[in-house]
Each structure stands twice: as structure tokens, then as C-alpha cells.
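The values are calculated or read from the model by the stated rules, or taken from the named source; none is laboratory data. Please read all numbers here as calculations on a predicted model, not as lab measurements. Positions of Cβ are generated from backbone atoms using ideal geometry, with glycine treated the same way; all protein chains shown enter the neighbour counts. With ligands, DNA and RNA removed, areas are computed over all heavy atoms of the protein, side chains included. Shrake-Rupley method; radii C 1.70, N 1.55, O 1.52, S 1.80 Å.
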Amino acid sequence: MTLSILKERKDQVVERINGNETVSCSRESLAGAVSQRACVFCGSRVVLYPIADALHLIHGPIGCAAYTWDIRGALSSGPELHRLSFSTDLRERDIIFGGEKKLEAALDELITRHNPKAAFVYSTCIVGIIGDDLGAVCRKMTELKKIPVIPVQSEGFKGSKREGYFAACKAMFTLVGTGKPENISPVSVNILGDFNLAGEIWIIRDYLKKMGVEVVANITGDGRVDDIRRCHGAALNLVQCSGATLDLAKMMKEKFNIPFLRVSYLGIEDMAESLYIVADHFSHIDKDIEEKTRQLVKTELEQIMPEIKKIREELNGKKAAIYVGGAFKAFSLVKAFRRIGMSVVLVGSQTGTDEDYRELAKITDPGTVIVDDSNPRELSDFIVKKGVDVFVGGVKERPIAYKLGVAFCDHNHERKIALEGFTGMLNFAREIHNSVTSPVWKFHPARLSRVEEKSSEVCCG
Amino acid sequence: MLHHTPDEISERHALKVNPAKTCQPIGAMYAALGVHGCLPHSHGSQGCCSYHRSHLTRHYKEPVMASTSSFTEGASVFGGGPNLRQSLKTIFQVYNPDIVAVHTTCLSETIGDDLPSIIKSAVEDKTVPEGKHVIHCNTPSYVGSHVTGYSNMAAGIVKCLCEKDETESKRINVIPGFTDPSDMRKIKGMLKEMKADFIMFPDTSGVLDTPQTAEYKMYPDGGAKISDIMRAGGSSLSLCLGKWSSEAAGVELEKKCSVPFRVLDLPIGVLATDRFVEAVSQELGLPVPKSIRDERGKLVDMLTDYQQYLYKKKVAIFGDPDTVIPMTEFLLSAGMMPKHIITGTPGKAFEKRIDSMMKEHGHDYEYNCSNSADLFYLHQLIKKEPVDLLIGNTYGKYIAAEENIPFVRFGFPILDRVGHSHFPKAGYMGGMHFISGVINTLLDKMDRETPEDMTMELVA
């Protein structure tokens, strides 16, 4: 297979042979590449923004705020302050004379008008260069306005999204422990690393409720400042998503001695497994919890399996490609595709770690291509050469898939359908099924040529 | 979601809430895509490039390719020169475009990278292969808006590519403002119908509205050809369609190649299209063909057929100056009352132009017009003085939903609807397409809210 891989990227792309492969990763993108990666600010912004009763002020030129305005469907059951876009809109004179005064005035006005429970102030590239003292302004405004005003050190150039996640966790951690952890059940958790896209966190909360587990704080989907302030009262942290909130869990373990479990709510196996390990964790306090969990999983599965089986019959043998932000999601997707009879022939991520890629090599089939920090040229080559039927990715990958006549499933932040939980697995199966079997593909020139090739094979054979 | 907007309009100086603009580099990236075989290059952090590509992809529903210098902490302290050099090396080795269009970001602009000398040395030491081009422009994100970025890249294209040619020719350059490929295609179509000799750039038709071919082309067939752009220095006149986004390129062409220029509006609506057609006809001494006159007739026919639904309807409109100005004029032609007219792009000339347009139409009603405004402000204006129709980009939908106002999408970006890449708003036919959208949207609401026994007449 000859592919257009940059020489410098050779060891960031491997074909799985025996499951012991490693992928070089966590490297800076090669300058000049059409990278699919984003920046530190982007990482911080997407993690913190679902906290719905906080003010999110972006200190920088307008673009950083414009491009991140309401880009995720992170739903709130109450206030929706997070869905507005606030920017100091730095202008040339601010770049020359500094933007601190403007930032102060903006905070003063916004806090007075909206009465948020806290304010996050995001630093952008330019703020790092002109040297505004974000920390000093935030301290001053905290004192003046009597709410936590928290700087987020998210200058874009300091790395990729991963560093942004860390900056976000550091910012959130300043809140943790500032509330009173009273009246919290010993069987209680915080949900970390779920952003309530299409209401997903509500599905998970519902499962936990049925198991008798109290959720103290959502971090950050449908999040609330006061919950985060007292979340150190929870007995356990459940951490989903590769990088986004793992650092926060580690900080809470160190300072408050709260253990954490890594979970995934995507796919049947991972969803069930996640609930079982929670049950196991609390089984010494609640004798019935394991039975309750088994019942819950049983009931949920009974509801979705008949249809999934039907879908599986129709999708059997089809091939999928996965390119996502964090590798953790890819683990679950590989299993989920297997569940609906499909094989994953390409899997990659923007920000996977060495550990992530070892795991991917272990769980994928021989022949699967594993990539780190890929680009459109590579991805389109793989899609064509591997004969992919459906591509799972984000906004930048979607039109590439469609141009190539390949079905697409948005598993990124733009999705409007819940894909987590058992119901989510059914939604996922339906979406893949719909996209793959849609009659529109029969008009697609790429599919026509596939059909022609097949019929000519038959003739010759 | 907009229940957080208070009724009382508050004085604001320090911030924007729900912006009606974005930053320069995305405009430069869009303009660069209007050159055939061009890879736009973002000289800054990789996030900028990623955001611009995502945003353009969401609007055009097409893959958008651009490379980035991937700035790191080191680059932002010691300068991005090495990153740009490495970028050019990578780009020509791997992506092999005919031309690379470099724009800056707030980061590279502030640390003061000197693009011309970095590019010059890359050309000299053959990092840029022979026969390939690297053009550039400065797009500080903290000046102007995305429209300014488009303008700067259009001027950059002239600066780096156009050549002086004094042989006499009767040919026009057309530099369209920041608008959709559908409009650019329509403008070209009118010029062809008139049998005009013209060179148009940037031209994103055929780049961001491509057909399904089963082949993924990194450089689609469309876009202005480099050889044509070079020849633009020998044309007899440049028509700059949009003061904000195209005048700078015209000025540059005059300075560099002594080609005079005229600034016109984008041909949106009856009057602006008239002026465009007249200007072409006059300069090239060409008659206006029957096909174009017929199109005009159909648009006027539609306006008269439905005038009762349009007349005195109050409208709020927001967007970029070069599209909002002719659209406001179009609304006035149709008998509507633009009540709140705002743009996020800074520049007092916007208000002046709207004011004089209102006077020309003999209007003496109160209206609000602001440059450098945002959608929070517009929402407050609408709460204070309600309107019958809202026209603007995707973000208007929140205001429309909150206030139950019929809403017609227009401008950039439109992230949540389809069609704008293919169905123009420019030209007489584009006017028909747009105004039928307006009429149908108003009628939909009337039908919905009229009791069943009093439904709308079937033939209006």
C-alpha cells in the first residue's frame, strides 16, 4: 500500500500486525502540514464552557470568541449563560497599551448584569505576548465582586488541546473544596469528562439514580459552580474522555484522597462495564447495588438488542474508519462497531498518548491502520485504499468523506443525537445504518464505479 | 437561550457580546481560496487555522484546505521565521500547490515577523520551487474584521501577482466583495451574457461549490487563474464590488499598474444590479442583452405582485457592510422599512452610506444604524422596537426564536442551512431568489397564525 505520508510522519502511522505496535505521538505538528489539530485555548474552552451558571469571558481579539460561540450542543437544564459569547474584542490600541483596563471594565459590567456564580477569564495567544496580568485583574475583581473570578491560562501557542484541558482543570480545581460538602451520601460520585451533548449526562445520571448512587457534580456538562465547589464531598470520581478531566481527578485524589475510576459510556460493553465497576466500588456499603445494576443493564439491553441484532445483519462485513480528538473515544468505538458487525480498518486521533496507541494496537484487528495527528491527504488516501464504508469524525472530516462517497457519522461536539448509554448505542447503530444504507449513495460516482467493478468481476469470473 | 438579554439598552465600551463579526485571517483564507491551485497558509498557532477551516467548512459544506505554521512557545519568543521556512518546504514537498497565500495572525503580527524577507530568502534558496508562487498579506486580528482580511488578501494578490502592461485593451477587472461562490458565479454569468472581456478575482466558484465526482481534489477546478490575475494589470478599468472588501485591491492596481478603478456595490437588488450592468455596458460599449433585461423584468414583476406583503414591513438586518448596504437598498426598493441596520465591522462610512440611502428614498422615519455593533445590542433594539422580519447570519436564529420573528438567513456564516453556495442573492435572478425567501417566510407565519376559517387566499 503506497500512501502519501510525510517522511517526518512515518512513525506516526502504523499498520497493526501483532498488536505490539507503537505509534509515535504527542509531537508538535509539523509546520506546514494541513493539521486537523486545534490549540490550547480551544481545549480549555470546550471543557469549561458547559458550566452553565458561570460567565465565560474571552480576553483576546474577536475571532477566538466568534469561532467558539455555542459550538457544542452542551445542554443545560437551567441557566444558559454559557451559550452567550463574551469577548473583550481587543483592538490595536489595546495591543499597544495593554488590555487590563478593558478586561476589568468588561468583568465589572458583565458580573453586575448577569450575576454569575463564577467567572472564567480565558487567555488567548495575544494576551501571552502583550503580557496582561490576568491573575492580578482576576484577584482584584474577585475581591470587588465577591465571586470567584478565575484566570484560565490558555494561550493558544502553548501546545495543542491537551495542554488546554490541563489549564481548564487547574482553573476548576481552584473552586473545588470551597463549598460545604454536607448531606452527601457515602454512595456518591462526580461525573467527570461528560459534556452533556444532546442531553447525554442526563441518561447517565438516570442510570446512577436507579442504582442508588448520588451525583454530586456534573463536570462539566449541565454543570453548576456550587456543585463543583462541594464536589470534594463525593466518594468517587468517574472519569470519561481521555485527557479532558483526568488531571482534575488526579488533583482531587492527591488533595482530597478521592479515588477515581476511568469509564466510558459509549457502546454496550463499556457502558455496562462502567456501571458494574461503580457497583463493585460501593458494594461494601450497599449490598443490593450489584443486583440493582444487573437488573438495570438487563432491562436496558432487552429494550435495544432486538433492533441492534437486525441492524447487525445488514451491516455485517462493512468497514469503518475512525478519526477523533481523543483516543479514549476510539477504544469504545472499535468495540461498538464490532457489536454491529463492522470492522474498523483505520483509527486515529489528534491527541492520543503512547499508552492510548498501545491499547488501540491491542484491541484492533490485524491490518488496521493506526494514525496520530493525521491530515486530509492521508485520511482520504486511507479511506479509498481501505474501501471504507463509513467514516466517524468531526466537522473538518465530514465533507472529505462525502466527496469520496463514504457515509459519515458525526461523533464530535456537533452531534445532536445522544450516543451515550444503552439508548445511545441504539442511536449510534441506527445512525450508522442510516448513513450506510441511504439510497443517495447509489447516485454517487464512487459507488457506481464500485458496482461496475463488481459486475465486471462477475463477467470475467 | 437569549433570556439573559435585558430590555434596557446598556452603554458598553469594553466588550462585545454575541459578535456580528469575526477576525481578519478567515477572510484572507477565503479570498486565497478564490485563486486556482492555491493553498492558504496561516502563519500562527494551529488553532487559528483549525477554527477558520472548520468555520468555512460549516458554511460552504465543502472541504477547506489550509496549512499552518504551528507556532509553539519557542516561535512566539524567537520569531516564526523558521516555522514559515519549514512550512514552505513541507507544503511544496507534500501538497504541491501552484501558489501559497500566507496571511498573518495576531500572534505573528505582534511579534513582528517580516513576511516579505522570509519569503524572499525562501525563493532565493529554492525552498520555493521555480515556477511556484508565494504571496502574502498582513491580517492583524485586532484591526477591522473578517471583511478587512478579505480585502487585505485581495490587495495582496494584486501586489504580488499583477504586472503592468501598457498595451491598450478594452477589458475590465472585476473584484467581487466577500460573498458566496453562488454570487461570484452569477456575476461571471452576467458578464458572459453581456459578452464582456473580463478578469475576475478572487473567484471561489468551482472551489467551494463543487459537484460530486468521487474524486477528492485538494485543488478543485475553479478559482481565478494565476496567469489571468497577472494580466489584470493590463485591463482598462477595475470594478471593485464592495468598498470594504474590494476597494483596496483596486487602489493597489491603480498604484502598481495604472489601472483606474470604480467602486460599486455588490450587485444585490434591482438598483445595485442596474448600476453594475450599466457600468460594464458603459466601459466596454456593450448593449444589455435581452436575457438580462428579461431577468430584471421578472424581478420587478415579482416585487409588484407581492408588494402588499412587503410594503411598510419593519426589518432588522445585520451582516457585513458590502452585503448589508445593497440589501438595505433592495428592501427599500421593495417598500420595506429597514428599522435596525447593524454591522460588526468598524467604520463610520457604513452609517453615512445608509443615511444618504435613506434620504435618497425620501424616508424620514426613525431608524438605528451602527457599525462595530453586536447581536446583544441588536436584540435590545428589537426588544425596544419590534420588527416584522429579521435578516442576517445563522446567529440571528436565537433572536428570532426568542422574539418570534420570521427570519431569513443571509450573509456569513450560515452554518445551519443549505443552499447559499448555489443559489445566488446577486443579480436580478439572485434578487428573485432572495425576495421569494422573504415573501414565503412572511406568508408562512401569516398562515400559521391565521385561524383556519380565515386562511390566506390561495392566489395572492
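Before moving on, here are some points about what is shown:
- Peptide ranges B:169-178, B:355-364, A:332-341 listed from the most packed, as the mean C-beta count within 10 angstrom indicates: B:169-178, A:332-341, B:355-364
- Expressed as a whole percent, the proportion of Cα-Cα pairs in the stretch B:29-119 lying more than 21 Å apart is 27%.
- Chain B - share of DSSP beta bridges that are antiparallel (%, nearest 5): 5
- The long axis of helix A:100-114 is offset from the longest Cα principal axis of chain A by roughly 90 degrees.
- Remark: mean inter-chain Cβ contacts per residue of B:418-426 equal 0, using a 10 Å Cβ-Cβ cutoff to other protein chain atoms.
- Cα centroid separation - the stretch B:168-215 against the stretch B:20-95, whole Å: 24
- When peptides A:85-93, B:365-373 are ranked by their average number of other Cβ atoms within 10 Å per residue, the highest-first order is A:85-93, B:365-373.
- Relative contact order [Cα under 8 Å, 6+ residues apart], the stretch B:172-289, whole percent: 29
- Mean residue ellipticity at 222 nm, helices only, the protein assembly as shown: -14000 deg cm²/dmol; runs of at least 4 DSSP H residues each add -39,500 (n - 2.57), and the sum is divided by the number of residues.
- Cα-centre dipole for the stretch B:347-396 with unit charges at Cβ (Lys and Arg positive, Asp and Glu negative), debye to 20: 160
- P(r) histogram, all alpha-carbon pairs of chain B included - 20 Å bins from 0, percent: 25, 55, 19, 1
- Its Cα centre serving as origin, the stretch A:40-173 has a Cβ charge dipole (Lys and Arg +1, Asp and Glu -1) of approximately 280 debye.
- Span-rule helices in chain B, defined as complete DSSP H runs reaching 20 Å or more along the axis (Cα) with Kyte mean at least 0.0: B:146-161, B:269-284
- Cα→Cβ-extended label distance, 7 Å offset, between B:Ser436 and B:Lys164, nm: 5.0
- Along each principal axis, taking the top coordinate minus the bottom one, the Cα set of chain A gives 82, 61, 39 Å in descending order.
- Entries in A:Lys117/A:Lys180; B:Lys164/B:Lys290; A:Lys145/A:Lys209; B:Lys314/B:Lys425; B:Lys89/B:Lys188 that, when Cα-Cα distance is taken, lie over 25 Å: B:Lys164/B:Lys290; A:Lys145/A:Lys209; B:Lys89/B:Lys188
- Among the residues of A:394-406, the average count of other protein chain beta-carbon atoms within 10 Å of the residue beta-carbon is 5.
- Entry note, chain B: relative contact order of 18 percent, from Cα contacts under 8 Å with a spacing of 6+ residues.
- Residue-averaged beta-carbon neighbours from other chains (10 angstrom radius) around A:126-133: 3
- Dimensions (Å) - the protein assembly as shown, Cα atoms, principal axes, largest first: 91, 73, 67
- When you restrict to C-alpha pairs under 8 Å that are six or more residues apart and normalise by the size of the stretch A:40-173, the relative contact order lands at 36 percent.
- Total charge dipole magnitude, chain B, about the Cα centre, Cβ charges on Lys, Arg, Asp, Glu only, Debye to nearest 20: 700
- Peptide ranges B:408-421, A:309-322 listed from the most packed, as the mean C-beta count within 10 angstrom indicates: B:408-421, A:309-322
- Calculated FRET efficiency, A:Gln295 to B:Val300, Cβ-Cβ distance, R0 = 60 Å: about 0.25 to the nearest 0.05.
- Unsatisfied cross-links (Cα-Cα over 31 Å) in the set A:Lys170/A:Lys287; A:Lys10/A:Lys158; A:Lys161/B:Lys132; A:Lys253/A:Lys298: A:Lys170/A:Lys287; A:Lys161/B:Lys132; A:Lys253/A:Lys298
- Between the helical axis of A:421-437 and the longest alpha-carbon principal axis of chain A there is an angle of about 50 degrees.
- Principal-axis tilt of helix A:327-339 within chain A, Cα atoms, nearest 10 degrees: 40
- By the Stokes-Einstein formula, at 1.567 mPa s and 4 °C, the stretch B:317-460 with its Kirkwood radius over alpha-carbon pairs has D equal to 81 µm²/s.
- Accessible surface of the stretch B:294-446, 1.4 Å probe, proportion on carbon and sulfur as whole %: 50
- Fraction of beta bridges assigned by DSSP in chain A that are antiparallel (%, nearest 5): 10
- Heavy-atom accessible area, 1.4 Å probe, ligands and nucleic acids excluded: residues of the stretch B:94-117 down by at least 20 Å² from chain alone: B:Val94, B:Tyr95, B:Cys106, B:Leu107, B:Thr110
- Rg and Dmax of the stretch A:188-300, Cα atoms only, in Å: 13.2, 39
- Largest first, the three principal axis extents of the alpha carbons in the stretch A:66-157 are 42, 30, 19 Å in whole numbers.
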